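S.K.: Encoded as structure tokens, here's the structure I'll be asking about.
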Amino acid sequence: MVGNMRTPGKSSILEESDLKRVIQYQKSTKHALRNICLLHFSFYLGLRSKEMAGLSVKDVVFQDGEIKDEILLTMTKGNKKRTAFLTNPKVRAVLKEYLDYRKETDEFFEPDAPLFKSQKNIRFIPQTLSMVFRKMYDCVGLSGCSSHSGRRTFATSLLNQGINIKNVQTLLGHASITTTSIYLETNPKMLGDIARNLKI
């Protein structure tokens, strides 16, 4: 992942060690598997809180229970569709563990059920889910973090690894590459590497 960076007015971008701290703390909490799965969907898929809140079980598994490779998402703007890829082994392992737990403990576990349920046993609204993320970060003393921190870390990590900005744009679901380019502008490490490695 990337170094902890904070741009005024924007959520912090986290280091891998920060994410591990959050996950380790969550292992001892009441909703451990749900919250760890949420963190993976945020950091490894770049999903917004609204997108995670809107997911149902049928969005991530086939009728036979096998985990899909892709999630079709309705974007928050313009009702357009985009795809998130469930191909990362870490994400698949965490999701399987969470789904197995839900099958054992939830008598109403069915395809149309919310993938992530609130403490009231109902579908999250985006604002409440955002509060869950903020609390997870606050519990380990990470300031300036929000439900958008995972998405920003996801984008910045891809760019740091040299992934083409057009591919990053597609994965984030940005309509304009101008929006994606903001992650370049606020990434001094990557800009420094570009200058360092310049060959003429």
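Any read-out appearing in this document is the output of simple, stated calculations on the displayed coordinates, not a laboratory observation. Values in this document were obtained by computation on a predicted structure and should not be read as measured data. Glycine gets a Cβ as well: all are built from the backbone with ideal geometry, and neighbour counts include every protein chain shown.
S.K.: Of the listed values (i) 30, 19, 15; (ii) 23, 22, 19; (iii) 29, 22, 19, identify the label whose number matches semi-axes √(5λ) of the Cα gyration tensor in Å calculated from this model.
M.R.: Step by step, semi-axes √(5λ) of the Cα gyration tensor in Å for this structure corresponds to label (i).
S.K.: Further question: For region 72-162, which GluC sites (Glu not before Pro) are in a loop by DSSP, counting at most 15 other Cβ atoms within 10 Å?
M.R.: In loop regions of region 72-162 (DSSP not H, G, I, E or B), the sparsely surrounded GluC sites (Glu not before Pro) are GLU107.
S.K.: Hey, what angle do you get for helix 126-138 against the long axis of the chain, alpha-carbon based, 0 to 90 degrees rounded to 10?
M.R.: It works out to around 70 degrees.
S.K.: Here's something else I'd like to know. Taking θ as phi - 60°, what are the ³J(HN,Hα) couplings along region 164-172 by the Karplus curve (6.51, -1.76, 1.60), each to the nearest whole Hz, with x for Gly and Pro?
M.R.: Working through the residues one at a time gives 4, 4, 5, 5, 5, 4, 5, 5, 7 Hz.
S.K.: Tell me, in nm to one decimal, what length is gained between SER118 and ASN167 on full extension, where the rule is 0.36 nm per residue of separation less the Cα-Cα distance?
M.R.: Details: separation 49, 0.36 × 49 = 17.64 nm, distance 3.31 nm.
So the chain would gain 14.3 nm between SER118 and ASN167.
S.K.: In the structure shown, do any of LYS50/LYS90; LYS80/LYS120; LYS90/LYS117; LYS68/LYS135; LYS27/LYS120 have a Cα-Cα gap over 24 Å, and if so which?
M.R.: Long pairs (Cα-Cα over 24 Å): LYS80/LYS120; LYS68/LYS135.
S.K.: Quick one: angle between helix 32-45 and the longest Cα principal axis of the chain, in degrees between 0 and 90, rounded to 10, please.
M.R.: Taking the Cα atoms of the chain, the angle to 32-45 is about 40 degrees.
S.K.: Calculate one ³J(HN,Hα) per residue across region 103-113 by plugging θ = phi - 60° into the Karplus curve 6.51 cos²θ - 1.76 cosθ + 1.60, and present them in order as whole Hz with x for glycine and proline.
M.R.: After applying 6.51 cos²θ - 1.76 cosθ + 1.60, I find 4, 7, 10, 10, 5, 9, 5, 8, x, 8, 5 Hz.
S.K.: Could you work out the longest stretch of the chain that avoids the chymotrypsin sites (Phe, Trp or Tyr not before Pro) located in DSSP loops with at most 11 other Cβ atoms within 10 Å? Let's see the in-between values first.
M.R.: Working: sites that count: PHE62, PHE108.
Looking at the chain, 109-200 is the longest stretch - no exposed chymotrypsin sites (Phe, Trp or Tyr not before Pro) with at most 11 other Cβ atoms within 10 Å.
S.K.: What span do the alpha-carbon atoms of region 115-200 cover on each of the three principal axes, reported in whole Å from largest to smallest?
M.R.: Cα spread of region 115-200 along its principal axes, largest to smallest: 61, 31, 17 Å.
S.K.: A follow-up question, please. For LYS199, which lysines qualify as cross-link partners when the Cα separation must be under 26 Å and same-chain residues fewer than eight apart are set aside?
M.R.: In chain and number order, the partners are LYS166, LYS189.
S.K.: Compute the angle between helix 149-160 and the longest alpha-carbon principal axis of the chain, please, reported from 0 to 90 degrees and rounded to the nearest 10.
M.R.: The helix 149-160 is inclined about 40 degrees to the chain.
S.K.: If you don't mind, another one. Among GLN24, GLN127, GLN63, which one shows the highest mean-square fluctuation when the chain is modelled as a Gaussian network with alpha-carbon springs under 10 Å?
M.R.: Of GLN24, GLN127, GLN63, the most mobile in the Gaussian network model is GLN63.
S.K.: Output the relative contact order of the chain, whole-number percent, from Cα pairs under 8 angstrom with separation of 6+ residues.
M.R.: Relative contact order comes out at 28 percent.
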